[in-house]
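The values are calculated or read from the model by the stated rules, or taken from the named source; none is laboratory data. If you're wondering where the values come from, they're calculated on a predicted model, not measured in any experiment. Note that each Cβ is placed from the backbone with ideal geometry, even for glycine, and that neighbours are counted across all protein chains shown.
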Amino acid sequence: MNIKDMQEKIINLKKENDICILAHSYQRREITEIADYTGDSYALAKLAVKSSGKTVIMCGVRFMAETVKILSPDKKVILANPSAGCPMAEQMDKELICQMKEYKDGYAVVAYINTTSNLKTICDVCVTSSSALKIVSAMPQKDILFIPDINLGTYIKNQIPDKNIKLVHGGCPTHARVTVKEVNKAKQAHPDALLLVHPECVPEVAAMADYIGSTSGIMDYAKKSSAREFIIGTENSIVEHLQLDCPEKRFYPLSKDLICHNMKATTLSDVLLSCEGQGGEEIIMDEEERLAAKKCIDKMIEYGG
Ligand code: 13P
Ligand code: SF4
């Protein structure tokens, strides 16, 4: 079977079996082409709530499928490739954060949405990379413990100096590996290009950018900008998506290493097998954990609007 045949089979199975397919924007093109929705993890979870599909297949990493389940408990949520996990979401130790909460009495724990549902149960407010600034600014608490991304946390801390933000060491291994040397090399190769960087990159790299923002922020900026050339400082799939969406502009990867292997773990065959009920993993969540994890997402909605 070739890719086109496989895509057709998936499209038919979606209709027959009332399936909604969600694809994070870092997924391969052949997957985003057959998805009902493409976007960031929170946007996808919100769209899943509205979708009529009884089954939701998440093409992304585990915490994203968990977020869908937290918001859509009555739907059958399937992670298309069970081995796809986000190292940043899984690197924080819940016991350690509980201890820090006790030690830093009165501090609000703000969790990037890239955390497990289990860790979300002990967090006060959840944020996404696109909403973090707005939400942390709107929170009544001044003392904040920001987890798990030290780079996104540093960016927020620098933007909101009147808040007392404490950081915990953690982050995205894909974005954090980009170096200043690579930025200089890319700028030298493309002197007229604007540099757009995700705040998960180290502050020294972010400081060299013309624009710092979430994946959807970077995509919107590039599409609306009158500039014609861009160096993209986020996962390399975005270079391909933007190039196909804006053929009159030119997009270059900031680094050849900006590839998230977990995001790339999901294949079109995984999606087909999940649609056939022969693959993927259903997300089963204890109701107590779901409700506890949902609290910090509800707070994000309260502060973010
Ligand atoms: P956003 O899509 O929210 O920018 O997050 C980037 C990311 O690394 C997702 O795993
Ligand atoms: Fe996790 Fe980074 Fe991959 Fe996103 S890009 S899933 S934060 S490892």
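Identify all residues within the range 132-177 that are assigned to a helix (DSSP H, G or I) and of a type in the set (Phe, Trp, Tyr); write none if there are none. Working first, answer last.
If we filter the range 132-177 for residues that are assigned to a helix (DSSP H, G or I), which is where we start, we get 132-138, 150-159, 173-176.
Listed by number, the list holds a single entry, TYR155.
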* Odd one out for VAL168, checked against (1) away from ligand 2 (no atom under 16 Å from the Cβ); (2) at pLDDT below 95 -> (1)
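Of these, SER214, SER237, which one is more than 24 Å from ASN2 (Cβ to Cβ) and either within 12 Å of ligand 1 (Cβ to nearest atom) or without any contact (Cβ under 8 Å) to a residue 60 or more places away in the chain (or both)? Lay out the reasoning, then the answer.
Working: SER237 fails: more than 24 Å from ASN2 (Cβ to Cβ).
It is SER214.
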* Structure fact -> Restricting the range 24-48 to residues that are within 12 Å of ligand 1 (Cβ to nearest atom) and under 14 Å from ALA80 (Cα atoms), the one surrounded by the fewest Cβ atoms within 10 Å (Cβ to Cβ) turns out to be GLN27
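So for the range 181-195 (the condition being within 14 Å of ligand 1 (Cβ to nearest atom), more than 30 Å from ASP105 (Cα to Cα) and among the aliphatic types (A, V, I, L, M)), does at least one residue qualify? So that I can check it myself, show each step before the final result.
Step one: of the range 181-195, the residues within 14 Å of ligand 1 (Cβ to nearest atom) are none.
No.
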* Asked: What pairs can you find where one residue is in the range 160-172 and closer than 27 Å to LEU258 by Cβ, the other is charged (D, E, K, R) and in a loop (DSSP other than H, G, I, E, B), and their Cβ atoms are less than 8 Å apart, with a gap of 6+ or different chains?
  -> GLY170/ASP149; GLY171/ASP149; GLY171/GLU200; CYS172/ASP149; CYS172/GLU200
* Asked: List, please: which pairs have Cβ atoms under 8 Å, are six or more places apart or on different chains, and start with a residue in the range 190-204 that is in contact (Cβ under 8 Å) with a residue 12 or more places away in the chain and acidic (Asp, Glu) and end with one that is away from ligand 1 (no atom under 16 Å from the Cβ) and not in a loop (DSSP other than H, G, I, E, B)?
  -> ASP192/GLU229; GLU204/VAL180
* To do: Look through the range 1-18, keep the residues that are surrounded by 15 or more Cβ atoms within 10 Å (Cβ to Cβ) and closer than 25 Å to CYS260 by Cβ, and return whichever of them is farthest from the chain's Cα centre (by Cα).
  => MET6
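Yes/no per residue for (1) within 16 Å of ligand 2 (Cβ to nearest atom); (2) within 21 Å of PHE146 (Cα to Cα); (3) at pLDDT below 95; (4) of a type in the set (A, V, I, L, M):
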| position | (1), (2), (3), (4) |
| --- | --- |
| ASP40 | yes, yes, yes, no |
| ALA43 | yes, no, yes, yes |
| ALA48 | no, no, yes, yes |
| PHE63 | yes, yes, no, no |
| LEU79 | yes, no, no, yes |
| GLN99 | no, yes, yes, no |
* Failed criterion for LYS224 (all others in (1) farther than 30 Å from TYR107 by Cα; (2) surrounded by 15 or more Cβ atoms within 10 Å (Cβ to Cβ) hold) -> (2)
* Asked: Quick check, is SER226 in a helix (DSSP H, G or I), of a type in the set (Ser, Thr, Tyr), away from ligand 2 (no atom under 16 Å from the Cβ) and over 25 Å from MET88 (Cα atoms)?
  -> no
